[in-house]
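Engineer: The structure under discussion is supplied below as structure tokens; questions concerning it will follow.
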Amino acid sequence: MGKGISYFYYPLSKNNFPEIIGSFNAKDDDKLAKLLESDKKGKKFVSISSAEILHAIKILTQFSSLSSVLEVSKFAQDEQTRKDLVLTEYNNLFLDDMTNGLYDLRSLGTSVEGAGTMMYLVNGSIKGIEGYVKRLIDEIRSTLKKNELKASRTKVVLVWTQDSYEMRGDKVDMLNSLVTKLRDYIGDVEIHQGPELDIFHSDKTTIIVACSKFDYDKITKNGKDSDVIVIKTNPLCEIL
């Protein structure tokens, strides 16, 4: 009794701790600021509406940049160009990274009215992600064709370790969508999560799809058999 309830706007995401905290009337809270302090930089309190706008700017900037990378990377068709791009930071940009904040982007779209520039940015960014997923699936199908593999004799393993305590469902939804779409072409599709790569040996050719840097490192550490094909979910959909 006698205690109040305070509301703060502080959208957290993977490996991201914003410096801005939204509060009513931009009122400071030293105890909260100290609790959330992750480095020498202090937290700054602003009004809730200001915090929401700043977060929206961050999300739109993030996905506008990502969409540009994904769209332009489609034109890297020749071997030399693909080799050159592998040497850039985009080589280790995985699907797991691409979906960080996707829930917030979709939520932002539902709060925008009309067909203005902001809605165009939101819808364009979402289509950019969806277009990449389609290209990834096409690359998997193309891999079967290039290697003269029959779908009935091929197994796809999606390796994507996720935080089981994550409240946003964007990564889970993306993983389930991938499974559903792949099973339209290949019946044997599995999901693998966890620190160890335990894939039962079978007489089928296995295509392992690495969906995060953590999972890719796990795959390379484990070694690759001759009847295993690894695909990185980076902008190039690199095949190893």
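Since every read-out is calculated from the coordinates, none of them should be taken as a lab result. Computed from a prediction, not measured in an experiment: that's the story for all the values here. Heads up, the Cβs are rebuilt from the backbone with ideal geometry, glycines too, and the neighbour counts pull from every protein chain shown.
Engineer: In Å³ and rounded to a whole number, note down the convex hull volume per residue for the Cα atoms of the stretch 58-232.
Structural biologist: Numbers: hull volume 23.6 nm³, N = 175.
About 135 Å³ per residue, rounded to a whole number.
Engineer: List F75, F45 from most exposed to least, where exposure is judged by having the fewest other Cβ atoms within 10 Å.
Structural biologist: Details: F75 8, F45 21.
The fewest-first ordering by Cβ neighbours comes to F75, F45.
Engineer: Against the longest alpha carbon principal axis of the chain, how many degrees, from 0 to 90 and to the nearest 10, is the axis of helix 48-73 turned?
Structural biologist: 20
Engineer: A follow-up question, please. If you build the Cα gyration tensor of the stretch 51-112 and take the root of 5 times each eigenvalue, what three semi-axes come out, in whole angstrom, biggest first? Let's see the in-between values first.
Structural biologist: On the way: eigenvalues 168, 23, 18 Å².
Whole-Å semi-axes of the equivalent ellipsoid: 29, 11, 9.
Engineer: So what's the angle, to the nearest 10 degrees on a 0 to 90 scale, between helix 213-222 and the longest Cα principal axis of the chain?
Structural biologist: In the chain, helix 213-222 runs at an angle near 40 degrees to the longest axis.
Engineer: With the contact rule set at Cα under 8 Å and sequence spacing of 6 or more, what percent relative contact order holds for the chain?
Structural biologist: 19
Engineer: Can you find, among M167, H55, N100, the residue sitting farthest towards the positive end of the charge dipole of the chain, where Lys and Arg contribute +1 and Asp and Glu -1 at Cβ?
Structural biologist: Final value for the positive-end residue is H55.
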